[in-house]
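Student: Quick one: this structure, given as structure tokens, is what I'll be asking you about.
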Amino acid sequence: MKDIMVRIILGDVETSGLDEDAGVVEVAWTEIDENLTIKSSFYSRINPGVPINPAASGVHGITDKDVADAPTIHEFVGDRLSEGEVLLVAHNAAFDQRFFKPHFSSLFGTLCTLKMARLIYPDSPNHKLQTLRYFLDLDAGSAHSAAGDVETLYWLIYRMLEDTNMTFEQLWDMSLRPVLIERMPFGKHKDVPLKDLPSGYIRWLLSLADIDDNLRYSLEAL
């Protein structure tokens, strides 16, 4: 990363559901530098253009009425993320990347803090962001809100660097190592063991150009 001007974006979205046609109902991101200095932050409720699944509302508390007058994701993001190479940092980055990538002119890569937490904190009961919040006693924002999760994400990165005595660039280098994923991280088969996925769904996933590298590695290892 030293020789490339890369924008580091910590991002999170809440969505209308988990299916492939889901839309964004809330978005937040914070831009930082490699010293974790905050450069800017953005947040908004978003009109997804599709009905919000009641199960999704049960997680984030956002209903169709709440976003009826909100901007669309394209209206809100505009050209704010279109300049330069972007490194997207997210918890379960394969999911959030689907919604952020259309707004990047160039995606340098992703740093998945879920993957890193599994490596750095193997003793955590699980590696969900909110579990890590309490396991590590992090400063944090409201759970299951995009802005709150980005705040928690920031302090998780801070703690990871502190606990490993790594620089951000070293953490990024560590994140490039492939890791086997046991369960589907998103979509209609979320949490299903990869070995139990329908063969047609596996073929479809492997046909995607922007599939997460660790997911591809794990599917190809079946």
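The values are calculated or read from the model by the stated rules, or taken from the named source; none is laboratory data. What you see is a predicted model; the values in this text were computed from it and never measured. Heads up, the Cβs are rebuilt from the backbone with ideal geometry, glycines too, and the neighbour counts pull from every protein chain shown. When the accessible area is computed, the model is the full protein with side chains, heavy atoms only, and any ligands, DNA or RNA have been set aside. Shrake-Rupley method; radii C 1.70, N 1.55, O 1.52, S 1.80 Å.
Student: Pull out all pairs, ordered by first then second residue, where Cβ-Cβ is under 8 Å, the residues are six or more apart or on different chains, the first lies in segment 68-88 and is among the small types (Gly, Ala, Ser), and the second is exposed (fewer than 15 other Cβ atoms within 10 Å of the Cβ).
Tutor: Within 8 Å, the pairs are Ser82/Ser105; Gly84/Met5; Gly84/Ser105; Gly84/Ser106.
Student: So which residues in segment 49-69 are within 20 Å of the chain's Cα centre (by Cα), among the β-branched types (Val, Ile, Thr) and open to solvent by 30 Å² or more (accessible area, probe 1.4 Å)?
Tutor: Scanning segment 49-69 gives a single hit, Val59.
Student: Being assigned to a loop (DSSP other than H, G, I, E, B), over 14 Å from Ala94 (Cα atoms) and either at pLDDT 90 or above or open to solvent by 50 Å² or more (accessible area, probe 1.4 Å) (or both): is that true of Arg177 here?
Tutor: Against the criterion (assigned to a loop (DSSP other than H, G, I, E, B), over 14 Å from Ala94 (Cα atoms) and either at pLDDT 90 or above or open to solvent by 50 Å² or more (accessible area, probe 1.4 Å) (or both)), Arg177 qualifies.
Student: Leu161: closer than 24 Å to Leu87 by Cβ, touching a residue at least 12 places away in the same chain (Cβ under 8 Å), aliphatic (A, V, I, L, M) and open to solvent by 70 Å² or more (accessible area, probe 1.4 Å), yes or no?
Tutor: Here the answer is no, as Leu161 does not meet what is asked.
Student: In segment 190-205, which residue that is closer than 19 Å to Lys115 by Cβ and in contact (Cβ under 8 Å) with a residue 12 or more places away in the chain is most open to solvent (accessible area, probe 1.4 Å)?
Tutor: Checking each candidate, the answer is Lys190.
Student: So, one more: Considering only segment 28-48, state which residues are under 18 Å from Thr110 (Cα atoms) and either open to solvent by 30 Å² or more (accessible area, probe 1.4 Å) or acidic (Asp, Glu) (or both).
Tutor: Glu31, Asp33, Glu34, Asn35
Student: Can you pull out every residue in segment 6-33 that is of a type in the set (Val, Ile, Thr) and under 18 Å from Ile62 (Cα atoms)?
Tutor: Result: Val13, Thr15, Val24, Val25, Val27.
Student: Counting only residues that are open to solvent by 40 Å² or more (accessible area, probe 1.4 Å) and at pLDDT 95 or above, give me the helices (runs of 4 or more DSSP H) lying completely in segment 70-135 with at least 1 of them.
Tutor: 73-77, 129-135
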